[in-house]
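Beneath this line is the structure, given in structure tokens, with notes to follow.
The values are calculated or read from the model by the stated rules, or taken from the named source; none is laboratory data. All values reported here derive from a predicted model rather than from experimental measurement. Cβ: placed from backbone, ideal geometry, glycine included. Neighbour counts: every protein chain shown. For the accessible areas, the whole protein counts, side chains as well, though only heavy atoms, and no ligand, DNA or RNA atoms are used. Shrake-Rupley method; radii C 1.70, N 1.55, O 1.52, S 1.80 Å.
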Amino acid sequence: MSVNGRARMAVAIWLAALLASGYWIARHTSVTTDLGAFLPPAATRAQEILVDQLRSGVASRLLLIGIDGADEAALAKASSELAQRLDASGAFGTVVNGEPQRLAPERDRLFGLRYALSSGVRPERFTAEGLRAALREELELLGSPLGMLSRRTLPADPTGELRRLAAPLAGAAGPMSRQGVWMSLDGKRALLAAQTLAPGFDLDAQERAADLVRSLFAGIAPPGAVLQLAGPGLAGAAARAAIERDARRATLTSLLGVVLLLVAAYRSVLPVLLSGLPALSGMAIGVAVVSLWFGQVHGITLGFAAILIGEAVDYPTYLYAHAARGEALAQTARRIGPTLRLAVLTTSFGAIAMLLSTFRGLAQLGLLTMVGVAVAGLVTWLVLPVLTPARALEGKLMRLPFAGVAFVPGSPHRWLAALLVAAALPVIAAHSGRLWDDDLANLSPVPEPAKALDAELRGQLGAPDLRHLLAVVAPEREAVLQKSEALQPLLERAVADGWIGGYELAARYLPSRRTQEARRAALPDRATLAARLAQAQRGLPFRDGLFAPFLADVEQARNAPPVAADAWHGTALASRLDALLAPGAKGWVAFVPISSLRDAKMLGAALQVHADEGVLHIDLKREADALVAGYRAESLRLVLFGLLCIAALLYAGLRDLALTLRVLAPALGAALLCVATLLAAGVRLSVLHLVALLLVVGVGLNYALFFNRRPAAEGESALTRLSLVVAGLASLCAALTLAAGSTPVLRAIGATFALGTVYGFLLSALLARRPPPGAV
């Protein structure tokens, strides 16, 4: 095939790939902002449970509501009216604001089910002796401050089962009450909590729920009142909005900056437009491949396109800027082709740590980078020479409008490079004890204001800081309930001995069938109970017939069906039960939150008895840190593998060990300087910085390859410097747009890449070999 035939074939393949990618993106590509994509994969069962809860746990449906800006009476009225309207909307499972009447369904349900739920229902409790002891307790209570409450429940509950059930709930009564509703301590904010029916990962549904709250509040808001909303689902929606906003802004700003830069360099619009083809082609085909491989494209992946634009624009810059006056662009492509191909390949290999990552979100970034860079390089090398008219570059700059020793390859000031890298080493060593940030929360793309409001409302609502919990796992719900019930004696001992402050248990609200059957069996028939009660009453000041409701309720409980989870439908306890008992990927999990852990060693030793029974003690902070640290260890291994691949590729392309080391040195030095600068600025490194450092190595290799390329003709070194300055500024522009964003993932990558662009260029210029005489 002739040269022209191959060129036409390349253009045809490029157009076909673009059309196919456009069709796939339009018809099959969906964009997701699921934050779970940027959660590391779990390595242990405890971490699996943690990640499941972060992604789709019932707690993710919680919506925290605050009303500010009015006096107490107006706030209380607004709270009551808003709660009523939220209830009537049908969008929320439960709505609580501290109003006593809102607790009536829970109280009535507890009272009606007390004989199935109370741990005090044992055979000895319903003997004549047990009943007499219970009646004496009631007489003492009648003379106490609790006498009014006891007098109301005494006829139907002389054994005090309701008090036994209500005691564990007393610590979860909520914040301070003023004007009959929950309010902050200073009385300036009314507080509510609602549980959405939609799952937390359904961000569209969470946004609709929040919009509904705003709409309903607008209809009852007192003058000056302000609504405050927070919660996991709402935070996820805010993160999605931030991701989309940053992605659009970074991409558009990067394009604008690069276009202005290229206009100044080429002094013509046509080569600027053509320079965008490799980057846009890389983006389109890269996004299509990501969509085809992963099924969805994450919003952060699209935001990362700004970096890809800055990197991919480098390649046509190298081509156009290297074109000598009157030289055919195809000849320029052949002349710089070996260096250009090696630059493209090393940059693609620089993304291998992301591509091979088990971190799904970063794997998408890696695939987009590898495909996008490879496509941009191929389009630059094979397509642009065909599409660019012969006279399009006649007005371009042929050399930099300024001169400086730092831009001369092989500068006599190369000692400065050694000095900079040497200065970085003690900085890194000084921070070695605090090098890594393994806090999972810092990987979250949730905006800081949303995090702060969430923490503030949780604190005012009195939500406990439950760092520690037990997780009981079993294949079936009945089995997991039985296992959790077996823990109760140990937990009661732990409370009594002061190891823990308290605990919560799903079996309090949904005992296992086995336990319910045992409690039903402990209840005597009506005739037997009546005889024993008569014997117990002798000599006590209770009138005959007072306990007829008690006899009727016990008989009803003996014949009632087992209590099921739907018994709590429509009450706040339904949400609590859902949060404590949930199906998982590998069976059922019963969560046992532990509050005020004071002696972890004693509790751990006691739990060893249950270690083989599917009971896990989970320190949420420790597991989250271990989750990130485990991924960091994986990333370090992949980074090392990527660097080895790059080194092997460089040596295979250059066939010169000394030159290979000369090209590698500035790229690796730039990475070290990036690390030192971030640490000196008080930034601890996360896995995101680690992955971004591979991009730094890739771009540094590009600069070093061209700076060390031997010019074929006089004046070519000036063209090389021109191309590298323009390319470097384009990359820096793209990186800075990400670094200025609000999304932590993109900001970390952008800031690191911006530093790497500067350091990579500087070190590559200083450490390059000297050009032959007359070539500069």
| message | Using a Förster radius of 30 Å, what is the FRET efficiency between Leu19 and Leu252 based on their Cβ-Cβ separation? Nearest 0.05, please. | response | 0.75
| request: Which order do the peptides 358-366, 114-122, 425-433 take when ranked by the mean count of other beta-carbon atoms within 10 Å per residue, highest first? | output: 358-366, 114-122, 425-433
| note | Phi angles of the stretch 551-563, converted by Karplus (6.51 cos²θ - 1.76 cosθ + 1.60, θ = phi - 60°) into ³J(HN,Hα) in whole Hz with x for Gly and Pro, give 4, 5, 5, 5, 5, 5, 5, 5, 10, 6, x, x, 6
| said: Between Ala429 and Met398, how high is the FRET efficiency from 1/(1 + (r/R0)^6) when r is the Cβ-Cβ distance and R₀ = 45 Å? Nearest 0.05. | reply: 0.45
| query | Once fully extended, how much extra length lies between Leu292 and Arg414, figured as 0.36 nm per residue of separation less the alpha-carbon to alpha-carbon distance? | reply | 39.2 nm
| said: Out of the total accessible area of the stretch 76-147 (probe 1.4 Å, heavy atoms of protein only), what percent is carbon and sulfur? | reply: 56
| Separation of alpha-carbon centers, the stretch 72-128 and the stretch 183-225, rounded to whole Å | 20
| Derived scalar couplings ³J(HN,Hα) [the stretch 272-277; Karplus, 6.51 cos²θ - 1.76 cosθ + 1.60; whole Hz; x for Gly, Pro] | 5, 4, 5, 5, x, 4
| query | Amide H to amide H under 5 Å from Arg189: which residues, 5+ apart in sequence or cross-chain, H placed 1.01 Å off N in plane? | reply | Ser184
| Ignoring ligands, DNA and RNA, what accessible area per residue does the stretch 174-290 give at 1.4 Å, in Å²? | 41
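Give me the 1.4 Å probe accessible area per residue for the stretch 629-771, excluding ligands and nucleic acids, in Å².
31
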| query | What part of the accessible area of the stretch 537-687, given as a whole %, is carbon or sulfur when the probe is 1.4 angstrom? | reply | 59
| query | How large is the charge dipole for the stretch 634-776, taken about the Cα centre, if only the Cβ atoms of Lys, Arg (+1) and Asp, Glu (-1) carry charge, to the nearest 20 debye? | reply | 140
| message | Along each principal axis of its Cα atoms, how long is the stretch 494-636 end to end? Whole angstroms, biggest number first, please. | response | 79, 34, 29
| remark: If every Lys and Arg gets +1 and every Asp and Glu gets -1 at its Cβ, then about the Cα centre the stretch 612-705 yields a dipole, in debye to the nearest 20, of 540
| Residue-normalised accessible area of the stretch 542-615, given per residue in Å² at a 1.4 Å probe | 51
| remark: Distance in Å, no decimals, from the C-alpha centre of the stretch 575-605 to the one of the stretch 632-658 is 45
| Cross-link list Lys451/Lys621; Lys188/Lys451; Lys77/Lys451; Lys451/Lys483: which exceed 26 angstrom alpha carbon to alpha carbon? | Lys77/Lys451; Lys451/Lys483
